[in-house]
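Rule-based calculations on the coordinates, nothing more; no lab input. Since the model is a prediction, treat every value here as computed from it, not as a measurement. Cβ: placed from backbone, ideal geometry, glycine included. Neighbour counts: every protein chain shown.
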Amino acid sequence: MNNRSYISISFDDEVPLLEAVKKLRDNKEKIADVLSPFPVHGLDEALSIKRSRIPIVGFIFGALGAILAFGFQAWVFTVSYPLIIGGKPFFSVPTFVPITFEVTVLFAGLSMVAALLIRSHLKPEIKFTPVDERITDDRFVILVDTPDEEINLKRITSILTGINTVEIR
Amino acid sequence: MDEHFDFKKKYRNILITLMTVGILVTLAAIFITKPGASRIWANVLLNNQYFMGLSLGAAFFLAVHRVSQSGWHTVLQRIPDAMTTFLPVAFVLMLLIYFGIHNLYAWTDSSLSDKVIEGKRAWLNIPFFFVRMVIYFAGWIFLTYMMRKNSGALMTSADLKYHNRKILFAGLYLVFYGITVSASSWDWIMSLDAHWYSTLFGWYVLIGMFVTALAFITVIIWFFKRQGYLKYIRPDHVHDMAILIFAFSIFWTYQWFAQYELIWYGHLPEETSYYITRIHHFKVIFFINVGINFIVPFFGLITFNSKRQIGWVALIAAVVLIGHWIDYWLMIMPAAAGEKAGIGFLEIFMTLIYACLFIFIVFKSLSRGPLVIKNDPYIEESMNYES
């Protein structure tokens, strides 16, 4: 992508990872990313990541799905193709409810997946070279954004003394 | 950690005063308005069912969490534990139904020549009715007592066997409760109109019980936090309670609608009679029921922030508590008291008596030990819980 350089700090447990994140942020280091094999509780807060806005997308599209499904059925059964079914009136709300419910769920679910893919720029042709393949297994990695590796490596090592790191490079 | 709830004289006095007021107004309402025996007994049954449901729902809450070995509820487990201590009292109150059984249940009249009821005699007869009642309560009281005893033992001892036993009895309770809650709802509510039946009635009642219990636990947490207790119950725990209230209110609506939709579609006279009575004579209450129990918790608790404020969640929970009282009212009253049914002084103040009695027993039980069971294996996880 570009020639920014990073320092990667590896851990084999989440507890020192959280400590290290807090310490690095206290020392005003720029953390580019944290990679972990599973969601770590408290990490979002430690990195001051804002809450995801995906639920809003879900709500809007869910509401849209509900209106569309209900409106479509109401139109079909009263205007477009009215049929007498079981002696019920053409416009009978209880029959519309299950489909309205299902379409609401479908719209909300799919829109949230789509929003996630679009917002995080996930496309099929993306190639990803992991910093360390073990981040998909048992390794936790912090990437620190740095303009000059030589000086910063020393500084970060000194910041992190006392924390159980596996590797800093 | 060693926090004790002090059941102050002030609280006792307030509860006893309210209960006395409730008893006086109820008696006055009975003698002045002359509501008729069946309406009075229907009120007794309604409140028995409602407050027994709170206890059973609380035990269900504990049992589910214990069987799944979840940690987060550990700091608040004494509250549902205390709520189950009402069950023996509920048993005595339920036995009172013996004196009003002829006013409530038409099938008790043995001179009745009714083909449908004749066919159900094997299940619906007075001796077996009370045998079943004793079996239900014996099981519930025994299993909740064992759950409470073993979790209470962890206050002083750190032996893991109590923890394991607690889980064992929770599992047994789930099985027993799953069957008996259905059967008891047929006995006490559905048989009010012995011609009518609905195959998912038991689930419907179960979910109602669970939602009320969740709401009541939340209200108690709110009250305790206001009084300065339970500092370690953080927004994360409140968030989880709110999620459960939200989810199970939706599930309740799902059940409500499933029952309504099938009966509406099938259009069989013996099934639709249930809804015809309720919609024709009690239209407003019928639609308020769905509104309060679905729309209020759904829109009230839908956002992230609204789930984390104990004051707001407790307000919604209080509305849900009233909503489910109305739900039971709709199940019981139109069938038992007919068109004479209504919500008046009698209903409100008899519920007040029961509520004071229930809260009194819960607080009494909570004041008996520390509010946190400090030897529970999950206590550390629960204290540091993040939702």
Each residue of the stretch B:89-94 in turn: what ³J(HN,Hα) in whole Hz from Karplus with 6.51, -1.76, 1.60 and θ = phi - 60°, glycine and Pro shown as x?
5, 4, 4, 4, 5, 5
Evaluate peptide B:259-265: per residue, the Cβ atoms of other protein chains within 10 Å of its Cβ; return the mean as an integer.
3
Computed about the Cα centre, the charge dipole of chain B from +1 Lys/Arg and -1 Asp/Glu charges at the Cβ has a magnitude in debye, to the nearest 20, of 1020
If the cut-off is a Cα-Cα distance under 22 Å, which lysines reach B:K283, setting aside same-chain residues fewer than 8 apart in sequence?
A:K88, B:K340
What whole number of Å gives the distance from the Cα centroid of the stretch B:16-38 to the Cα centroid of the stretch B:68-115?
22
When you count, for each residue, the other Cβ atoms within 10 Å and take the mean per peptide, how do A:127-136, B:300-309 rank with the highest first?
B:300-309, A:127-136
Net charge dipole size for chain A [Lys, Arg +1 and Asp, Glu -1 on Cβ; Debye, nearest 20]
740
Got a sec? Charge dipole of the protein assembly as shown, +1 on Cβ for Lys and Arg, -1 for Asp and Glu; which of B:I79, B:S184, B:S365 is way out at the positive end?
B:S365
Is the C-alpha gyration tensor of chain B telling us rounded, prolate or oblate? Criteria: a/c under 1.5 is rounded; beyond that, a/b larger than b/c is prolate, otherwise oblate.
prolate
May I ask for the angle, rounded to the nearest 10°, between helix B:160-188 and the longest principal axis of chain B, with both axes built from Cα atoms and the value confined to 0 to 90°?
20
For the stretch A:111-137 and the stretch B:295-322, what is the centre-to-centre distance using only Cα atoms, to the nearest Å?
36
Counting only other chains, what is the mean number of Cβ atoms within 10 angstrom of the Cβ of each residue in peptide A:92-100?
2
Order these peptides, B:326-337, B:346-357, by their mean beta-carbon neighbour count within 10 angstrom, highest first.
B:326-337, B:346-357
Compute the helix-to-body angle for B:310-337: its Cα long axis versus the longest principal axis of chain B, expressed 0 to 90° and rounded to tens.
20
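Which of the pairs B:K166/B:K307; A:K28/B:K307; A:K23/A:K154 have their Cα atoms more than 25 Å apart in this structure?
Beyond 25 Å between Cα atoms: B:K166/B:K307; A:K28/B:K307.
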Rg/Rh for the stretch A:54-119 to two decimals, with Rh computed the Kirkwood way over all alpha-carbon pairs.
1.14
The farthest towards the positive end of the charge dipole of chain A, of the residues A:I9, A:M112, A:N152, given +1 on Cβ of Lys and Arg and -1 on Cβ of Asp and Glu, is A:M112
Taking only the Cα atoms of chain A, how large is their convex hull per residue, in Å³?
166
With Cα coordinates, the longest principal axis of chain B makes an angle with the long axis of helix B:126-153, in degrees rounded to 10, of 10
Amide H contacts of B:E3 (H built 1.01 Å from N, under 5 Å, at least 5 apart or other chain)
B:L371, B:V372
May I ask you to order A:37-45, B:188-196, B:251-259 by the average number of other C-beta atoms within 10 Å around their residues, highest value first?
B:188-196, B:251-259, A:37-45
What lysines does B:K10 reach when the alpha-carbon gap must be under 18 Å and sequence neighbours fewer than 8 apart in one chain are set aside?
B:K225, B:K364
Selection from B:L200, B:H324, B:V89 lying farthest towards where the dipole of chain B points positive, charges on Cβ:
B:V89
How many angstrom separate the Cα center of the stretch B:235-256 from the Cα center of the stretch B:145-210?
19
Mind putting a number on the dipole of the stretch B:261-374 about its Cα centre? Charges go on the C-beta only, +1 for Lys and Arg and -1 for Asp and Glu, and I need it in Debye to the nearest 20.
720
Would you tell me the mean number of C-beta atoms belonging to other protein chains that fall within 10 Å of each C-beta in B:268-274, as a whole number?
0
Which of the helices in chain A meet the span-like rule: DSSP H, Cα axial reach of 30 Å or more, Kyte-Doolittle mean at least 1.6?
A:54-75, A:93-119
